[in-house]
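First the structure, in the form of structure tokens, and then the observations on it.
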Amino acid sequence: MAASPTTSPSLELPADATLPERHPEAPAPGEPIPPHSAVCFGCADVPHGLRLEFRVAEDPAGGAAVAARMVLRPDQQGAPGLLHGGLLTAAFDEVLGSVVALVTRPCVTARLETDFRRPMPIGSTLWLHARVDGRVGRKLYVTGTARLDAEDGPVVGTAKALFLKVGMEHFLRNSRPEDLEALGVSAEQIRAARS
Ligand SMILES: CCCCC/C=C\C/C=C\C/C=C\C/C=C\CCCC(=O)SCCNC(=O)CCNC(=O)[C@H](O)C(C)(C)COP(=O)(O)OP(=O)(O)OC[C@H]1O[C@@H](n2cnc3c(N)ncnc32)[C@H](O)[C@@H]1OP(=O)(O)O
């Protein structure tokens, strides 16, 4: 029977996956990771954003890992006094995407699964951690954990994701032209990618 268009292949790490190392030009463990864009909802200092703050984490197996922090604000509520669940998923998207960017870029999220394990009160701080567990060709398998109020606090959520490496043409073909031009891409480059 043909697979349903609403189901995707598993996020389990395939047996032939290898552990990718941090890119030689990526920051080292302990170093901060600056926002990858000045307007990113996840990591930039924008009024409505998540305003996640990052550093590279040590990975005992020699792989790529990040740690991040996010203060939960009153304008992020879902149920009264609690973080909106979709914002934990958005935070995981950003944190898991950032650890992938230590290995190779650009990549995009193909699939992301969140488990919500405990409520997250507004005013508390989430401490997130993510690691690239393995790579098979263009596919990067990533997992993450969110803890409450301390790096070793109670686990409030976990996530698994698959990121896919893409070429710059992914953005040249799909992003809004004015946003590409603001980054210095010429109208001619955009036209060429779309012809
Ligand atoms: C020029 C200026 C550029 C400026 C920006 C540049 C760089 C940015 C740099 C750094 C960023 C740093 C940090 C970023 C941090 C956070 C950002 C958050 C990340 C995001 O917020 S990002 C937005 C949301 N994201 C999307 O907007 C993607 C929309 N989507 C697509 O664009 C396509 O869907 C794509 C490309 C994903 C795949 O398309 P495709 O054609 O390349 O690949 P294809 O379909 O052939 O699949 C190949 C193999 O992956 C398997 N596969 C595919 N999809 C799967 C799934 N869902 N589940 C399980 N397996 C899956 C297949 O089963 C096959 O497997 P197999 O090879 O074994 O057959």
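Hey, can you tell me all the residues within the range 146-171 that are without any contact (Cβ under 8 Å) to a residue 24 or more places away in the chain and surrounded by 18 or more Cβ atoms within 10 Å (Cβ to Cβ)?
The one that is without any contact (Cβ under 8 Å) to a residue 24 or more places away in the chain and surrounded by 18 or more Cβ atoms within 10 Å (Cβ to Cβ): Arg147.
Name the pairs whose Cβ atoms lie under 6 Å apart, with the first residue in the range 172-188 and within 19 Å of Cys107 (Cβ to Cβ), the second basic (Lys, Arg) and modelled with pLDDT of 95 or more, and 6 or more positions between them or separate chains?
Qualifying pairs under 6 Å: Arg173/Arg194.
Could we say that Leu11 is assigned to a loop (DSSP other than H, G, I, E, B), within 14 Å of the ligand (Cβ to nearest atom), of a type in the set (A, V, I, L, M) and surrounded by fewer than 19 Cβ atoms within 10 Å (Cβ to Cβ) here?
When the stated conditions are applied, Leu11 passes them.
Could you count how many residues in the range 146-184 are among the aliphatic types (A, V, I, L, M) and touching a helix residue (DSSP H, G or I) at 6+ places or on another chain (Cβ under 7 Å)?
Qualifying residue count, the range 146-184: 5.
Of these, Ala38, Ala44, which one is surrounded by 14 or more Cβ atoms within 10 Å (Cβ to Cβ), under 17 Å from the mean Cα position of the chain (by Cα), of a type in the set (Gly, Ala, Ser) and farther than 23 Å from Gly134 by Cβ?
Ala44
Which of the numbered conditions does Thr104 fail, given that it passes all the others? Conditions: (1) surrounded by fewer than 19 Cβ atoms within 10 Å (Cβ to Cβ); (2) in contact with a Ser or Thr (Cβ under 9 Å, 6 or more places away or on another chain); (3) among the β-branched types (Val, Ile, Thr).
The number of the failed condition is (2).
Working only within the range 68-93, note down all residues that are touching a strand residue (DSSP E or B) at 6+ places or on another chain (Cβ under 8 Å) and without any contact (Cβ under 8 Å) to a residue 60 or more places away in the chain.
Arg69, Met70, Val71, Leu72, Gln76, Gln77, Gly81, Leu82, Leu83, His84, Gly85, Ala91
Name every residue in the range 60-70 that is assigned to a loop (DSSP other than H, G, I, E, B) and surrounded by 18 or more Cβ atoms within 10 Å (Cβ to Cβ), in order of residue number.
Gly63, Ala64
Do we find that Gly42 is farther than 20 Å from Val136 by Cα, more than 11 Å from the ligand (Cβ to nearest atom) and modelled with pLDDT of 95 or more in this structure?
The answer is no for Gly42.
If I ask for residues that are surrounded by 13 or more Cβ atoms within 10 Å (Cβ to Cβ) and more than 23 Å from Glu151 (Cβ to Cβ), which ones from the range 20-35 would you list?
Within the range 20-35, Pro20, Glu21, His23 meet the criteria.
Could you list, in sequence order, the residues of the range 182-195 that are within 7 Å of the ligand (Cβ to nearest atom) and either at positive phi or surrounded by fewer than 12 Cβ atoms within 10 Å (Cβ to Cβ) (or both)?
Within the range 182-195, Leu183 is the sole residue that qualifies.
The values are calculated or read from the model by the stated rules, or taken from the named source; none is laboratory data. Please read these numbers as outputs of a predicted model, since none were measured by experiment. Ideal geometry is used to build each Cβ from the backbone, glycine not excepted, and the neighbour counts take in all protein chains shown.
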